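See below for the structure under consideration.
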C-alpha cells in the first residue's frame, strides 16, 4: 500500500497554517480597532496606537513561528535545501522576531536604538525571504512545482520594489524636496507595505505547498522502488541484480509479467552476498 500523501509534513503544515493564519487574523483585528490610517501609516506605527497595543508584536511573532514551521516542512519533505536556503529562511524569521521585540521609534514613544534595530531587522527580513525562494530555483529545475514558485517570487519582487519606492518618496518628502509630496501621495507607503506583506505570505504558502507536493512525489518514487524489489523477488530477481533503463511508467506491467519500462536485468557482482 502507498504512503499517505503529506503524512510526514502534516504536523509542520498545520503549525505553519495555524501560526500564519493567527498572525493575519490579529493584524486584521488591529486594523479594525485602531484609529491609524492604513493607507498612509506603516505597520510599524501601530506599536503606538490608542487601541490594540501589543497586537502588532503578537501578529509578527506568530508569522515568524509559522515561517520556521514552513522551513521544517521543507526539510522533512526532503526538498533539497542548501545551507544558503536554510540561512535565509532563518534570517527572515529572526528578522520578524527582532522587529516585533524592538518597536520603531516615534515622537510619542521615542527610542532611537530600538528604532534602528527595527529598521534593519525589517530590511533583513524582507530581503531574506525572496532570496531563500530564489535559491530553490536551481534544485527544482525541470520540475512543474517551479512554475508556481517563480510566479510568487515575481509577485514579491514587484511588491518590494513598490514599497521601496514609496519609502524613498516619503523620506524625500520629509526632507522638503519637490515634487515628491505629490508623488508620495500617489504611492501611499501604507498600501505598498501591506501589498508587500500579502506577497510575502503568498510566497510562504507557496513554499508550504511545495513541501507537500514534493513529499508526495518523493514518496511515489520510494513506493515504486519498494514494489519493484518485491516484484523482482517474485520473478527471481535478487537485490544484487540491477535494473537497466528503468522508467517510472508504472510499478509493474501485469500483462507482460515484467517491470514496466525495464529493458533488462543484469547481475551486479558488487552487490552479491558474500559466501562463507
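Among the residues here, residue 154 does not qualify as in contact (Cβ under 8 Å) with a residue 24 or more places away in the chain and assigned to a helix (DSSP H, G or I).
Of all the numbered requirements in (1) more than 30 Å from residue 74 (Cβ to Cβ); (2) crowded, with 18+ Cβ neighbours inside 10 Å; (3) free of Cβ contacts under 8 Å to residues at least 40 places away in the same chain; (4) within 30 Å of the chain's Cα centre (by Cα), residue 184 misses one, and that requirement is (4). Just so you know, in the stretch 43-93 the residues that are within 13 Å of the chain's Cα centre (by Cα) and not in a helix (DSSP H, G or I) include one that is farthest from residue 132 (Cα to Cα), and it is 79. Among the residues of the stretch 94-119, those that are assigned to a helix (DSSP H, G or I), out of contact with any helix residue (DSSP H, G or I) (no Cβ under 7 Å at 6 or more places or on another chain) and farther than 22 Å from residue 25 by Cβ comprise 94, 112, 113, 114, 115, 116, 119.
Only the coordinates and a few stated rules stand behind these numbers; no lab work does. Given the structure is predicted, the values throughout are model-derived calculations rather than measurements. All Cβ positions, even for glycine, are placed from backbone atoms using ideal geometry, and neighbour counts span all protein chains on display.
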